[in-house]
Structure formats: C-alpha cells, structure tokens
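Below is one structure, written out as structure tokens; the observations come after it.
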Amino acid sequence: MQNELKIALIQTELFWENPEQNRIHFTKKIEEISKSVDLIVLPEMFTTGFTMNPKKVAETMFGETVVWMQNLALLEQTAIMGSMVISEDGKFYNRMLFVHPNGIIETYDKKHTFTLAGEDKVYTAGQSKLLVTYKGWKICPLICYDLRFPVWARNVEDYDVLIYVANWPKVRITAWDALLKARAIENMSYCVGVNRVGLDDNGHEYSGHSAVYDVLGHKLDNIPENLEATEVITLSKSHIKTYREKLNFLSDKDAFKLE
C-alpha cells in the first residue's frame, strides 16, 4: 500500500467517430506526461466522442483499442482508464476499462444511460458497480450521467477515490461542478472528474471543467477552462484517514440497500 497516488487527468478534444486518430492523439498526450504517474484518466468514449452510432465504431474486448491500452500501460508502467464503445453478445455498451500496468483489465458498464440523448435506446445499461483495488487504494469508477444519481455512488464500500469520466456539455456545466464537489463531500472521498473540450459533430460544445476535490470539497487542480490540458494531481491516503477519523460522518449514513 502506498500513501500517495499520482493521477494524470487528460482534458482534450476528441476526433468524431475516429478510434485510430484518437489513439494516435492520446499516445502523444501520454508520452508528453513528464512526471511518473500511477494512473492516467481519459474522458468518456475517448475513441469516438459521445456517439449514438455504435454499429459504426464499436470494438470488442480483443480489439485494437483494448490492445493499445494494454501495451501503453505496460510500456509506461501505469494504469490507464477511460470509457469506449464495446460490442459484446450482440449488445453495445458504454464501457469503462481500468487497465492495470500488467495488462489485467477490469470493466464497468455505465448504469445510467443518458435518455435525453437516446443512449438508452442503443446501449445496454450495466447493473453492477466496480471497485478497483490498486496499489492499496480503492477506486470507484463511474461514467458521466451516473454523476446525477448519488445513491449509486454511495460509499458503502469504503472507497478512497470516486472517478467520473464524461462528455458533459457546456450548457449544463454548472451541474457538473456542483455535483462533483457534492459527491466528494458526502462520500468523504476524493472525487475526480475528467471531461472533454471542443465541439462534436452534433454541434454540442464542451468546456472541460475537469477537476479533483478532496474529502472536504476543496478543489485541488488548476486545469484551465475550454482548453486542452494534462495535469498531475497527488492524492494522499493520510488526508482521507485524518478527516474520516476526525469527523466520522460516514458512520452516520442511512442504512438501506439497493435492490
């Protein structure tokens, strides 16, 4: 177990429905990270943008992007995570991949598909949370619209870090800011959000606002708005332990279970 976890957040534009170009783009971004990091976080649907045309771009768990992630994780000796369009058993998923440095993959399928964009019509919703144990840290990865549903993120697993990847549009960015901060405070965990910037081919504008909040809701990053940026943030296990022991709010949470 290590006390510190160094996370690189990559906030960037995406090439619409072009997995190959996005892989080239992110390879360059990752190679430019000057510090040694434990985890690299990419946005939601980082190979395509938030597309409702899965038949055009879907890959399998043995496809080029998955192999690319495994190779990069091994080469850089870091974990890499982000969501992409996966085809499996005749269904399409908005799937988060957490790739460990040794190439082992853990997955989470987006639970709350975004009905406003018709995501529920073309993607199959996941049913299970994922808790990743990595270097002694417990990480809960979630995707975009999941952010609006606090019960799903409820910290019953005693996780240390809650991570959201997103294509969250500028028009509703105030909600993104408020909810990331709220999720950190109510779960007494770090909360990380990685969003994209730029315009997609549907005309939706994205302003970024990628961020990291500590257990008290303090913002730790200096990521610029509207611009491509990569920032490395160091998380501290001691910070979590100190304030959970001092305040102990999680012990007073309501007792109920999701069915």
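From the list Lys129, Lys91, the one residue that fits, being farther than 19 Å from Asn71 by Cβ, touching a residue at least 24 places away in the same chain (Cβ under 8 Å) and buried (at least 18 other Cβ atoms within 10 Å of the Cβ), is Lys129.
Restricted to segment 132-150, and to residues there that are touching a helix residue (DSSP H, G or I) at 6+ places or on another chain (Cβ under 8 Å) and surrounded by fewer than 15 Cβ atoms within 10 Å (Cβ to Cβ), the residue that is nearest to Pro169 (Cα to Cα) is Arg148.
Applying the set (1) of a type in the set (A, V, I, L, M, F, W, C); (2) touching a residue at least 12 places away in the same chain (Cβ under 8 Å); (3) part of a helix (DSSP H, G or I) to Ile80 leaves exactly one unmet item: (3). Scoring Leu9 on the criteria (1) under 14 Å from the mean Cα position of the chain (by Cα); (2) within 21 Å of Val122 (Cα to Cα); (3) not small (Gly, Ala, Ser) leaves a single failure, condition (2). On inspection, Leu216 does not qualify as surrounded by fewer than 24 Cβ atoms within 10 Å (Cβ to Cβ), more than 25 Å from Lys135 (Cβ to Cβ), at pLDDT 95 or above and aliphatic (A, V, I, L, M).
Out of Ile40, Ile33, Ile24, Ile10, one residue alone is free of Cβ contacts under 8 Å to residues at least 60 places away in the same chain and within 29 Å of Asp214 (Cβ to Cβ). It is Ile40. Just to be sure before I move on: is Leu235 closer than 20 Å to Phe149 by Cα, modelled with pLDDT of 95 or more, surrounded by 18 or more Cβ atoms within 10 Å (Cβ to Cβ) and of a type in the set (A, V, I, L, M) in the structure I sent? No, not satisfied.
Suppose the filter is polar (S, T, N, Q), in a loop (DSSP other than H, G, I, E, B) and in contact with a helix residue (DSSP H, G or I) (Cβ under 7 Å, 6 or more places away or on another chain); does Asn202 pass it? Criteria not met by Asn202.
Residues in segment 38-50 that are assigned to a loop (DSSP other than H, G, I, E, B) and either within 15 Å of the chain's Cα centre (by Cα) or surrounded by fewer than 23 Cβ atoms within 10 Å (Cβ to Cβ) (or both): Asp38, Leu42, Pro43, Glu44, Met45, Phe46, Thr47, Gly49, Phe50. The sole residue among Lys29, Lys35 that is modelled with pLDDT under 95 and touching a strand residue (DSSP E or B) at 6+ places or on another chain (Cβ under 6 Å) is Lys35.
In this structure, Asp146 does not qualify as part of a helix (DSSP H, G or I), farther than 25 Å from Ile185 by Cα and not aliphatic (A, V, I, L, M).
Scanning segment 115-126 for residues that are in contact (Cβ under 8 Å) with a residue 40 or more places away in the chain, assigned to a loop (DSSP other than H, G, I, E, B) and surrounded by 14 or more Cβ atoms within 10 Å (Cβ to Cβ) gives a single hit, Tyr123.
For segment 1-28, the set of residues classified as part of a helix (DSSP H, G or I), surrounded by fewer than 20 Cβ atoms within 10 Å (Cβ to Cβ) and in contact with a helix residue (DSSP H, G or I) (Cβ under 9 Å, 6 or more places away or on another chain) consists of Glu20, Arg23, Thr27, listed by residue number.
The values are calculated or read from the model by the stated rules, or taken from the named source; none is laboratory data. Quantities reported herein were computed from a predicted structural model and do not represent experimental measurements. We place every Cβ from the backbone using ideal geometry, glycine too, and count neighbours over all the protein chains shown.
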